[in-house]
Structures are given as structure tokens and as C-alpha cells.
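The values are calculated or read from the model by the stated rules, or taken from the named source; none is laboratory data. Because the structure is a prediction, the values reported are computed rather than measured. A quick note on method: Cβ atoms are made from the backbone with ideal geometry, for glycine too, and the neighbour counts reach across all protein chains shown.
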């Protein structure tokens with residue numbers, strides 16, 4: 001009987017001691033995971049801000065792919081919400097409380113089963129030289145039950161941190177793959193209407209062609225701005241000479257009519273006459289232009305088409321500043337053809 005009393009006493013002491021140990025655990029928790037992704041903040045923000053995109057990078061959906069997802073009336077921005085119900089995930093709901101466009105997102109996650117809990121989720125998108133630093137953070141308060149659970153099963157960070165890391169990895173992979181998309185379409189023979197254009201000419205190679213283009217377009221736009229000249233269309237590049245090691249190109253902007261250049265300016269006036277041309281359209285990053293040109297030249301040869309004496313040219317039909325995903329950039333290639 002005495003032995004039983006000692007056992008019960010020791011058990012009581014253990015329970016009291018363990019309860020005290022649990023009670024003195026931190027009342028709050030906070031942790032985060034970060035990953036620098038080679039992509040603009042706009043794209044990453046758009047992906048995270050839309051709950052309908054979450055299944056594509058959520059590590060929890062990998063664990064419970066048959067979970068039921070229910071979306072609210074809106075899925076992006078403040079007030080957006082969705083809920084889930086699954087055998088592994090249990091039940092819960094997430095709501096977006098605040099957003100700062102392309103900079104941060106604040107959300108509330110609420111668990112119903114297998115236990116009740118609430119946490120704040122914070123996302124930040126910080127531009128870096130190598131891309132965007134995406135930080136996924138979680139914070140909240142712990143009651144006694146939560147402390148007991150984490151004491152027995154491990155901290156919330158030890159359980160959730162690896163999932164954050166997996167989610168950021170998947171987000172990186174998805175965005176990178178999406179940005180790399182491109183499509184080359186041979187449109188065939190078309191009639192190009194002709195245009196005057198203001199331009200500046202330079203030579204370049206594969207290592208500096210982008211920088212040289214930027215310098216030329218900047219100089220032309222500055223000149224046009226100073227003279228109050230409004231562009232007629234989108235920027236274009238005329239290739240005076242092209243080979244594997246060196247390119248001589250004229251980068252400029254179309255204008256409505258002929259224009260006399262004042263002395264002292266490194267800007268010239270050009271004219272592309274109305275002509276029949278082989279047209280190719282590239283949807284995708286400009287880095288894929290080499291492939292688009294190769295496809296165009298192959299089509300030219302296979303169909304017995306002969307280039308005219310006019311120089312081939314490119315037209316950049318949309319502004320990359322309006323399309324953060326390079327997969328949406330559109331370039332048209334024209335090779336004038338002999339009649």
C-alpha cells in the first residue's frame with residue numbers, strides 16, 4: 001500500500017512539474033523562411049496573392065491531394081479566402097487581411113480540426129540584384145493546450161518550417177518554368193505597310209547587344225522627347241549586317257512623316273518602304289530571338305524565298321514594363337522578300 005502511495009505521489013509530482021514546464025513555455029512563437037528567386041516581385045506577388053494558385057506550390061496539397069478546397073467570392077487581395085477539408089490536413093480557413101501591391105501580404109490562418117488555432121501569415125517581396133527575396137513568416141500565440149501539443153510533438157517551427165522551405169522551392173520552380181515559356185510562329189508572307197523612323201546605329205556582339213540596344217533606344221527617345229515628336233508605333237531594330245560574331249544594327253522608333261535632323265545630334269532618319277516580307281512572331285523572352293531567327297531562315301530556305309536588298313528588322317510590339325513575365329513579350333521578325 002505504501003509503495004502505491006509513493007508511486008501516486010511521484011506521479012502527482014511529475015504531473016505538476018510537467019504542467020509547470022509546459023506553462024512556462026513561450027506564450028508566442030514566430031519564425032520565417034526565405035528564398036531569393038530570379039524573378040520580378042510582381043510575378044511572385046501575383047502568384048501568392050491568388051488563392052487559386054496555392055495548390056500549385058502548396059506542400060500540404062502534396063500530402064493530401066484529395067482534400068476538398070472551397071474558394072470564397074474573391075480569391076485575390078483583401079478579403080480573399082478559401083477553406084479546406086481533408087483526411088490529413090483536417091479543416092481550416094485562410095483569409096487575406098491586407099496587401100501592399102508587390103511588397104507584402106498579411107493573412108490569417110484558422111485551424112478547426114484536429115485542433116483549434118489561429119496564426120498570422122506574412123509574406124514579403126524584397127527586390128535584390130539577383131531577383132526577389134521572398135519571405136514566408138508565421139506568428140501567433142500559444143495557450144496551454146498548444147504548448148502541451150508542441151511539447152509532446154515538437155515546436156510549430158520544426159513542424160511547419162520544412163513545409164515553408166518546400167513551398168518556396170516549388171514557387172521558384174513554377175515561376176522559373178513559366179518565365180521560360182516561348183512560342184515561335186511562322187506567319188508566312190505579309191505586306192508590311194512602310195514607315196519613317198528615327199534611329200541610332202551601332203555594332204554589337206552577343207555579350208553586349210542588349211546594353212547597346214538600351215543605349216540606342218534611350219538616346220532616340222530622349223531626342224524625340226526634346227523635340228516633341230510622338231512615336232507612331234513600337235520600337236524596332238533594323239539589322240544592317242548580321243553574323244555570328246558581330247552585328248551592325250539601327251535601333252529606333254517609327255514616326256508619322258519625314259523629319260529633318262538638326263545638326264549636332266547622333267540621330268538619323270530612316271525609311272522602310274512598303275514591302276512583301278516573311279513574318280515570324282516570337283512570344284517569349286528576347287533571349288529566344290536567336291531560335292526565332294533560325295526558324296525563320298530555315299523556312300526561307302525550305303520554301304525557296306529570296307531576300308530583297310532591304311534589311312531585315314524586328315518590331316517589339318509590347319512594352320516589357322507592362323508585362324512582367326517575359327513569356328508574354330511579343331516580337332515580330334520581318335525579312336523583306338523579292339517579288
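Please verify whether region 294-307 includes one or more residues that are farther than 20 Å from residue 188 by Cβ and either assigned by TED's automatic domain parsing to the domain that holds residue 228 or modelled with pLDDT under 95 (or both). Spell out the reasoning first.
At the first step, the residues of region 294-307 found to be farther than 20 Å from residue 188 by Cβ are none.
No, because not a single residue in region 294-307 is farther than 20 Å from residue 188 by Cβ and either assigned by TED's automatic domain parsing to the domain that holds residue 228 or modelled with pLDDT under 95 (or both).
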* Asked: Within the bounds of region 94-111, is there any residue that is assigned to a strand (DSSP E or B), at pLDDT below 95 and over 16 Å from residue 59 (Cα atoms)?
  -> yes
When every residue in region 47-66 that is over 15 Å from residue 109 (Cβ atoms) and assigned to a loop (DSSP other than H, G, I, E, B) is compared, the one nearest to the chain's Cα centre (by Cα) is 65
The residue from 189, 198 that alone is more than 26 Å from the chain's Cα centre (by Cα), touching a residue at least 12 places away in the same chain (Cβ under 8 Å) and crowded, with 17+ Cβ neighbours inside 10 Å is 198
Across region 12-46, the tally of residues that are loosely packed, with under 14 Cβ neighbours inside 10 Å and either modelled with pLDDT of 85 or more or under 12 Å from the mean Cα position of the chain (by Cα) (or both) stands at 1
